[in-house]
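Reading through the structure tokens given below for one structure.
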Amino acid sequence: MNDTPALRIESLQVAYRGDEGERLALDDLSFSIARGEAYGLVGESGSGKSTVAMAIARYLSSNGRIVGGRIEIAGRDVAKFERRALREMRKRELSLVYQDPARALNPTLTIGRQLTESFELAGLRGTRALDAARAMLRRVKLPSPERALSSFPHQLSGGMQQRVVIAMALAKEPSLLILDEATTGLDATVEAEIIALLQSLRRESDTALLFISHKLPLVTQLCDRVGVLERGRLVEEGAPAQLFAHAEHPYTAALLACLPTLGRTKRDGPLPTLGDAQAYDDEQAHDADERGGSDALRAVEAGLRAMEAAGRGGGIGGGGGPRTNAPILNVTGISKAYRIGTDTLQALDRVSLDIHAGETLGIVGESGSGKTTLAKIVSGLLPADSGTLTLDGKPLPARVERRSRAQIAAMQSVFQNPHNALNRAHRLHTLLGRAVGKLARLRGRAREQRIHELLDAVKLPRARLSARARELSGGQQQRVAIARACAGQPRMLICDEPTSALDVSVQASILNLFVELQQTRQVAYLFISHDLAVVRYIADRVVVLYRGQVVETARADDLFARPCHPYTETLLGTTSAPRRTPTSDTPTQHGCIYASHCTVSLGLQCEQRVPADIEVGDGHIVRCHLFGPRQAHPRD
Ligand code: SF4
């Protein structure tokens with residue numbers, strides 16, 4: 001047996017050059033990973049996690065360099081690799097999977113071409129490479145592998161793209177696989193499947209894993225050991241279960257406290273955070289103005305009061321009024337299908353829901369369930385095939401260009417990746433000024449005042465107004481995106497995975513911000529997330545989507561305490577029924593959409609008859625044959 005570690009890092013120092021000279025991003029970092037071992041690396045944004053991955057693969061950006069220490073892969077010093085040896089090492093021994101699959105996929109080539117290329121590099125040819133590609137897509141649980149092989153990346157959802165990237169990474173059977181927040185954008189079900197896949201990979205091969213993630217429970221599940229990074233230094237290391245249960249370092253304990261646990265709700269108060277608005281990117285360090293927590297809180301309260309006052313003065317959608325029974329938004333019978341080659345994918349099928357002032361409606365469901373399609377349709381970015389939208393009882397045009405200024409200002413969107421939504425070259429003042437001018441029609445001093453109020457509301461220092469978006473951390477960019485969305489004092493925000501790309505501390509501060517805005521201004525949220533603990537924390541009601549259909553709607557308390565639909569039970573991990581191999585990957589044409597995967601199917605009845613929506617409690621509606629007129633849980 002070869003005792004040489006798959007990875008050994010010794011006294012590593014990495015620095016980035018900035019306006020004010022070099023700054024150490026990693027300092028005296030040492031750890032090793034044995035062959036077949038899984039090592040987790042955790043820490044908040046800016047702690048240096050991604051820099052570790054970049055340094056190992058020698059992918060540091062042009063302003064970064066290794067200033068000390070040593071990195072060995074399978075006993076070989078990475079720094080000494082010539083260009084060709086480096087290319088070979090990246091091709092055969094090392095696989096890197098990032099959070100954003102778009103970085104790894106070529107948009108002009110089909111998935112089949114890209115995946116077979118990976119197998120060709122591993123020595124397979126022709127139909128053998130294609131067969132291996134097909135088998136690998138099944139292994140990563142991609143629905144309809146045949147269709148995926150002939151699809152281009154943009155025709156797959158983000159979750160599906162990431163599974164393809166993981167398939168490509170596994171194809172070459174690397175000795176070291178680095179996953180840098182690779183499952184962060186996936187929904188809970190797919191993420192669990194990918195983790196199970198990685199666990200089986202570890203049993204089948206001696207591939208070593210470096211698993212970089214802000215999801216501490218996943219690290220516990222997958223890794224043999226974990227290291228905690230704080231500002232480039234390893235402050236604690238050990239077996240995850242032991243380390244997280246008995247954290248010795250205060251930083252580890254503080255990191256753990258930021259996590260919303262599944263039982264926690266916004267009624268329990270704000271989540272703890274680690275220094276709001278002071279995180280910085282690995283590669284874009286900057287001086288975040290420091291402000292004490294109480295000062296920040298006073299500032300946000302003042303900002304929100306000012307926004308309220310402006311709203312009472314006749315601004316767009318004043319908000320803050322008492323909750324009324326009339327919903328702000330009605331979605332009725334929305335359907336949307338996509339054509340993929342000769343196939344049709346029904347992304348949404350007669351979806352209906354409503355949202356009231358001051359309410360958070362959570363939308364959950366696995367990758368491909370239609371969550372993002374729904375967000376795009378409500379945002380006016382994608383027209384539905386059929387169905388209607390109304391805002392405050394008035395018809396809402398399908399396309400955003402046809403909506404009135406007041407409608408656009410009243411309903412804004414916040415998406416997962418703020419860097420896609422913001423022009424990174426623009427200064428904050430420009431980004432916010434334009435939004436205030438357009439959505440609130442304010443000019444001159446009134447405009448400047450609103451910009452300052454918005455910055456205060458999202459807890460960004462006013463001194464940052466001259467900073468360009470690219471100089472901000474991911475969390476700060478998301479704050480800017482939220483501030484911009486609030487420029488016209490919206491009554492409702494459509495939030496599509498708004499915290500998925502953020503580490504636990506920044507996520508906690510953004511969730512607290514959403515709750516504060518809601519409590520003060522009665523803002524309503526259509527809140528899409530694959531993170532059930534986040535939805536549990538922030539949502540008042542929850543809609544469960546499965547393959548484009550609403551299968552269950554309930555108050556969040558009811559849904560999490562007493563899920564009824566078999567799919568919801570699986571999603572929440574609460575089912576006690578044995579898992580059953582699906583009879584088919586394709587939903588039945590005539591019966592229940594979930595019949596081919598259901599563990600408690602009633603057979604022909606479920607396969608041939610579409611279940612009706614049954615109310616089983618106060619506003620608790622479930623679409624399943626198990627629930628009949630007696631309106632009780634059939635498994636009681
Ligand atoms: S209707 Fe039948 S197949 Fe569908 S979820 Fe209910 S029991 Fe399962």
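The values are calculated or read from the model by the stated rules, or taken from the named source; none is laboratory data. Since we're looking at a predicted model, the values are computed, not measured. In this analysis, Cβ positions are derived from the backbone assuming ideal geometry, glycine residues included, and neighbour counts consider all displayed protein chains. The area values use the complete protein model at the heavy-atom level, side chains included, leaving out ligands, DNA and RNA. Shrake-Rupley method; radii C 1.70, N 1.55, O 1.52, S 1.80 Å.
Residue count for the range 65-116 satisfying the condition of being more than 24 Å from Ala182 (Cβ to Cβ) and either outside the structural domain of Ala53 (by TED's automatic domain parsing) or basic (Lys, Arg) (or both): 6. Once the range 553-562 is narrowed to residues that are within 16 Å of the ligand (Cβ to nearest atom) and open to solvent by less than 10 Å² (accessible area, probe 1.4 Å), the residue that is farthest from Gly617 (Cα to Cα) is Leu559.
All conditions but one from (1) open to solvent by 50 Å² or more (accessible area, probe 1.4 Å); (2) at pLDDT 90 or above apply to Ala79; the one that does not is (2).
Restricting attention to the range 92-149, the residues that are polar (S, T, N, Q) and in a helix (DSSP H, G or I) total 4.
Is it the case that some residue within the range 543-561 is in the same structural domain as Val331 (by TED's automatic domain parsing), of a type in the set (A, V, I, L, M) and part of a helix (DSSP H, G or I)? Scanning the range 543-561 turns up no residue that is in the same structural domain as Val331 (by TED's automatic domain parsing), of a type in the set (A, V, I, L, M) and part of a helix (DSSP H, G or I). Contact map, the range 72-94: residues that are within 19 Å of Gly123 (Cα to Cα) paired with residues that are part of a helix (DSSP H, G or I) and open to solvent by 60 Å² or more (accessible area, probe 1.4 Å), Cβ distance under 8 Å, separation 6+ or inter-chain. Pairs shown: Lys91/Leu121; Arg92/Leu121. From the list Val364, Val400, Val378, which one is among the β-branched types (Val, Ile, Thr), at pLDDT 95 or above and assigned by TED's automatic domain parsing to the domain that holds Arg441? Unique residue meeting the criteria: Val378.
The sole residue among Gly475, Gly488 that is within 30 Å of Ser367 (Cβ to Cβ) and touching a Leu at 6+ places or on another chain (Cβ under 7 Å) is Gly475. If only one of Val378, Val400 is surrounded by fewer than 19 Cβ atoms within 10 Å (Cβ to Cβ), hydrophobic (A, V, I, L, M, F, W, C) and within 28 Å of the chain's Cα centre (by Cα), which one is it? Matching residue, one of Val378, Val400: Val400. For the range 419-446, the set of residues classified as surrounded by fewer than 18 Cβ atoms within 10 Å (Cβ to Cβ) and assigned to a helix (DSSP H, G or I) consists of His419, Asn420, His429, Thr430, Arg434, Gly437, Lys438, Gly444, Arg445, Ala446, listed by residue number.
Kindly provide the set of residues from the range 246-300 that are part of a helix (DSSP H, G or I) and modelled with pLDDT under 50, ordered by number.
Passing the criteria: Gly293, Ser294, Asp295, Ala296, Leu297, Arg298, Ala299, Val300.
The criterion of at least 2 residues that are hydroxyl-bearing (Ser, Thr, Tyr) and more than 26 Å from Ala467 (Cα to Cα) is met by the following strands (runs of 3 or more DSSP E) wholly inside the range 1-75: 21-33. For Ala169, are the conditions met, namely being part of a helix (DSSP H, G or I), modelled with pLDDT of 85 or more, in the same structural domain as Ala38 (by TED's automatic domain parsing) and hydrophobic (A, V, I, L, M, F, W, C)? When the stated conditions are applied, Ala169 passes them.
Scan the range 429-452 and give yes if some residue there is of a type in the set (A, V, I, L, M), within 27 Å of the chain's Cα centre (by Cα) and at pLDDT below 90, otherwise no. Looking for residues that are of a type in the set (A, V, I, L, M), within 27 Å of the chain's Cα centre (by Cα) and at pLDDT below 90, one finds none in the range 429-452, hence no.
Filtering Val600, Val616, Val543, Val550 for residues that are within 15 Å of the ligand (Cβ to nearest atom), open to solvent by less than 70 Å² (accessible area, probe 1.4 Å) and at pLDDT 95 or above leaves a single hit, Val550. Please pick out the residue among Gln478, Gln416 that is touching a strand residue (DSSP E or B) at 6+ places or on another chain (Cβ under 9 Å), at pLDDT below 85 and assigned to a helix (DSSP H, G or I). Among Gln478, Gln416, only Gln478 is touching a strand residue (DSSP E or B) at 6+ places or on another chain (Cβ under 9 Å), at pLDDT below 85 and assigned to a helix (DSSP H, G or I). Comparison of Met160, Met168 shows that the only residue that is farther than 29 Å from Pro566 by Cα, hydrophobic (A, V, I, L, M, F, W, C) and open to solvent by 20 Å² or more (accessible area, probe 1.4 Å) is Met168.
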